[in-house]
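The values are calculated or read from the model by the stated rules, or taken from the named source; none is laboratory data. Since the model is a prediction, treat every value here as computed from it, not as a measurement. Virtual Cβ from ideal backbone geometry, glycine too; neighbours counted across all protein chains shown. For accessibility, only protein heavy atoms count, side chains too; no ligands or nucleic acids. Shrake-Rupley method; radii C 1.70, N 1.55, O 1.52, S 1.80 Å.
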Amino acid sequence: MRIGALEAGGTKMVCAIGDETGTIYEQESFPTVTPEETLPQLLDYFKGKEIEALGIACFGPIDLDRDSDTYGYITTTPKTAWMNTDIAGYFANCLNVPVGFDTDVNGSLLGEVTYGQAKGLGDAVYYTIGTGVGAGVMSGGKLVHGAMHPEAGHMLLRVREDDPMPEGICPFHGACLEGMAAGPSIEKRWGKKAIEMKDDARVWDLEAYYLAQCMVTTTLMLSPKIIILGGGVMHQTQLFPLVREKTRELLNGYIKNDTVNDMDHYIVPASLHDDQGIMGCLKLGFDAV
């Protein structure tokens, strides 16, 4: 089946054509400007490509309640030009094909569960640690939506005493996970971009402390079989052993479970060469059919 994929991000929109096996035939990126400017560009990309379905994994917040009048909309996003944009409906109406729709992070999780290292696991969590922090959750083989999609990037944290920026940067919660551990948080705290501080042990020890709190909360509340960490911050691969070590310390021997205690295979990096989002979109499109 020939499927269109749209990974709709706050900075760029990645369009691709592929199939249900996860094979990507072609892809192209467009800057995220305004709906009036960007959506017609994306539509022009997909027109004439003979796609039979489209999968969209979108930045948010978005409305995923199929009984809602605003299902398929971007809702209260900080990108004000995109507020109340019916992105799923736009493509469904213009292309006249089934459209699968979910969050950008659920898309990445779906890519990993379908084609990557979480294949065959029905209970998995994916975090993107980058400009912001987002989470995708699968439980019992189904992506979790509920009253809304998970916003685990805003879980509250215990601030470490030696943190030079204890107030955090989240405008809503201050010292939440995103406010303390996202890329802009690292930059504001230390006055440099994360990539410039690769060898500064202070930076990554503190970052690992906050990510480990997230890992513990995720483990205790959601009981996944794997936690995948993606996004730009996690390109700092020296973080993984630190996060695993601090997670083990914070759990303090409470969990007696072989899956969780095998930290090298429990807390892992994304495995699909940054294509997990697009590949998840292909699965969303296939499932829509």
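Just a few scattered comments:
- Taking a ≥ b ≥ c as the square roots of the eigenvalues of the Cα gyration tensor, the chain is prolate, since a/c reaches 1.5 or more and a/b is larger than b/c.
- FRET efficiency estimate (nearest 0.05) - Cβ-Cβ, residue 75 to residue 221, R0 25 angstrom: 0.50
- Exposed loop sites are taken as chymotrypsin sites (Phe, Trp or Tyr not before Pro) in a DSSP loop (any state but H, G, I, E or B) with at most 15 other beta carbon atoms within 10 Å; the longest stretch of the chain without one runs 72-171.
- Evaluated over the Cα positions of region 122-166, the convex hull gives a direction-averaged projected area, one quarter of its surface, of 4.3 nm².
- Loop-located trypsin sites (Lys or Arg not before Pro) across region 112-171 with a Cβ neighbour count of 13 or fewer within 10 Å are 119, 158, 160, with loop assigned by DSSP.
- Along the chain, longest interval not containing exposed GluC sites (Glu not before Pro), exposed being DSSP loop plus at most 10 other Cβ atoms within 10 Å: 162-289
- Accessible-area rank, largest first, for 235, 173: 235, 173, with all protein chains present and a 1.4 angstrom probe.
- In sequence order, region 90-100 has phi-based couplings of 4, 6, 4, 6, 7, 9, 6, 10, x, 10, x Hz under the Karplus curve 6.51 cos²θ - 1.76 cosθ + 1.60, θ = phi - 60°, and Gly or Pro positions carry x.
- Region 126-202: equivalent-ellipsoid semi-axes (sqrt of 5 x gyration tensor eigenvalues, Cα, Å): 27, 14, 10
- Remark: the Cα gyration tensor places region 1-159 in the oblate category, a/c being 1.5 or greater and a/b not exceeding b/c.
- What the phi angles of region 181-190 give under the Karplus curve with 6.51, -1.76 and 1.60, with θ = phi - 60°, is a coupling list of 10, 6, x, x, 5, 4, 5, 5, 5, 9 Hz, glycine and proline written as x.
- Within the chain, helix-based [θ] at 222 nm, where runs of 4 or more DSSP H residues each add -39,500 (n - 2.57), nearest 500: -10500 deg cm²/dmol
- Computing FRET efficiency as 1/(1 + (r/R0)^6) for residue 25 and residue 265, where r is the C-beta to C-beta distance and R0 is 22 Å, gives about 0.10.
- Here the calculated FRET efficiency for residue 252 and residue 2, from their Cβ-Cβ distance with R0 = 45 Å, stands at 0.30, rounded to the nearest 0.05.
- Each of 83, 180 has its accessible area taken with a 1.4 Å probe; listed largest first, they run 83, 180.
- Around the Cα centre of the chain, unit charges on the Cβ atoms of Lys, Arg, Asp and Glu (plus for the first two, minus for the last two) sum to a dipole of about 460 debye.
- Selection from 33, 164, 72, by position along the positive dipole direction of the chain (Cβ): 164
- The length gained by stretching the chain between residue 156 and residue 237 to full extension, at 0.36 nm per residue less their Cα-Cα distance, is 26.7 nm.
- Exposure ranking of 66, 248 by accessible area [1.4 Å probe, largest first]: 66, 248
- Subtracting the Cα-Cα distance of residue 83 and residue 142 from their residue separation scaled by 0.36 nm leaves 18.5 nm.
- For the chain, the fraction of 1.4 Å probe accessible surface lying on carbon and sulfur atoms is 50 percent.
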